[in-house]
1. Would you mind finding the one in V95, V61, V35 that is outside the structural domain of L130 (by TED's automatic domain parsing) and surrounded by 15 or more Cβ atoms within 10 Å (Cβ to Cβ)?
2. Does E154 meet the test of being of a type in the set (D, E) and farther than 24 Å from V122 by Cα?
3. Can you name the residue in the stretch 216-242 that is touching a residue at least 24 places away in the same chain (Cβ under 8 Å) and out of contact with any Ser or Thr (no Cβ under 9 Å at 6 or more places or on another chain) and, of all such residues, is surrounded by the most Cβ atoms within 10 Å (Cβ to Cβ)?
4. Sort out for me the helices (runs of 4 or more DSSP H) sitting completely within the stretch 12-81 that have 1 or more residues that are under 18 Å from the mean Cα position of the chain (by Cα) and aliphatic (A, V, I, L, M).
5. Residue check: is E134 at pLDDT below 85, among the acidic types (D, E) and under 25 Å from the mean Cα position of the chain (by Cα)?
6. Which residues, taken from the stretch 194-242, are among the β-branched types (V, I, T) and under 22 Å from E43 (Cα atoms)?
Amino acid sequence: MEIAELYSLVKRLRGPGGCPWDREQTLDSLKSALVAEAYEVQEAIERGERLSEELGDVLLVVLMLAAIAEEEARFSLEDVLASAKEKLIARHPHVFGNASSDMRELLFRWEKSKSKGFPESVNTCQPALLLADEIGRKASALGFDWEDAEGVLEKIYEELRELREAMKTNAGVAHELGDLLFASAMLARKLNLSPEDCLREAGLRFLSRFTRMRELARQEGRNLEEMTLGEMEELWQRAKGS
């Protein structure tokens, strides 16, 4: 199999006479590399190009991590694959067992299985919006949740009022702003949206409109840096409409 050959190459790079850089890598040093490669996969998906190449880069980092763990007698690549296989079967009893295949029930069972050990099982190293989403989903699977999106909206209004009060005294502003952001992430979850994707798309829209705004300014022979806020706002509205 190709993956076995690839793993052999990785182990050779780590072995005597291998690559000095690869031999110096540790589990800790490869953490950021794995995250960076995952983001490159995301970019490749969004751009519709180079996905196969970027997935290969992620796989290389995973195999390198497995090789290091094997050297340190922690576990082997076979253990990784066996664990993934076991987890896949356990989380799909509707396919590999006798459970029903109702979609709502499947999603509930999935979240229920993922919520075991909550809150200790939450991955606190992930980006904040993903963290908030995971916390919300796992708490919901245990029955601790708003009844509907309207309930979350009321919470957002409440948090906004508390933030306004905090801003008057400049006390607890970060705390209240965090609560508002968390509640907003919960609203996205209730609407079956990814808060991470929503904010990312909003950021990309801003960049696109700002680029258009700068183009409009150039067409008029002007620089944004020399314009008043009111003039830039006018260009911004034109950029939104174009």
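The values are calculated or read from the model by the stated rules, or taken from the named source; none is laboratory data. Since we're looking at a predicted model, the values are computed, not measured. With ideal geometry, Cβ positions are generated from the backbone for all residues, glycine too; neighbour counts draw on all protein chains shown.
1. Working: V95 fails: surrounded by 15 or more Cβ atoms within 10 Å (Cβ to Cβ); V35 fails: surrounded by 15 or more Cβ atoms within 10 Å (Cβ to Cβ).
Exactly one of V95, V61, V35 is outside the structural domain of L130 (by TED's automatic domain parsing) and surrounded by 15 or more Cβ atoms within 10 Å (Cβ to Cβ), namely V61.
2. On the way: of a type in the set (D, E): yes; farther than 24 Å from V122 by Cα: yes.
Yes.
3. The residue in question is W236.
4. On the way: elements: 20-24, 31-47, 51-71.
Because the criterion is at least 1 residues that are under 18 Å from the mean Cα position of the chain (by Cα) and aliphatic (A, V, I, L, M), the helices (runs of 4 or more DSSP H) in the stretch 12-81 that meet it are 31-47, 51-71.
5. Numbers: at pLDDT below 85: no; among the acidic types (D, E): yes; under 25 Å from the mean Cα position of the chain (by Cα): yes.
No, not satisfied.
6. Going through the stretch 194-242, the residues among the β-branched types (V, I, T) turn out to be 211, 228.
The one that is among the β-branched types (V, I, T) and under 22 Å from E43 (Cα atoms): T211.
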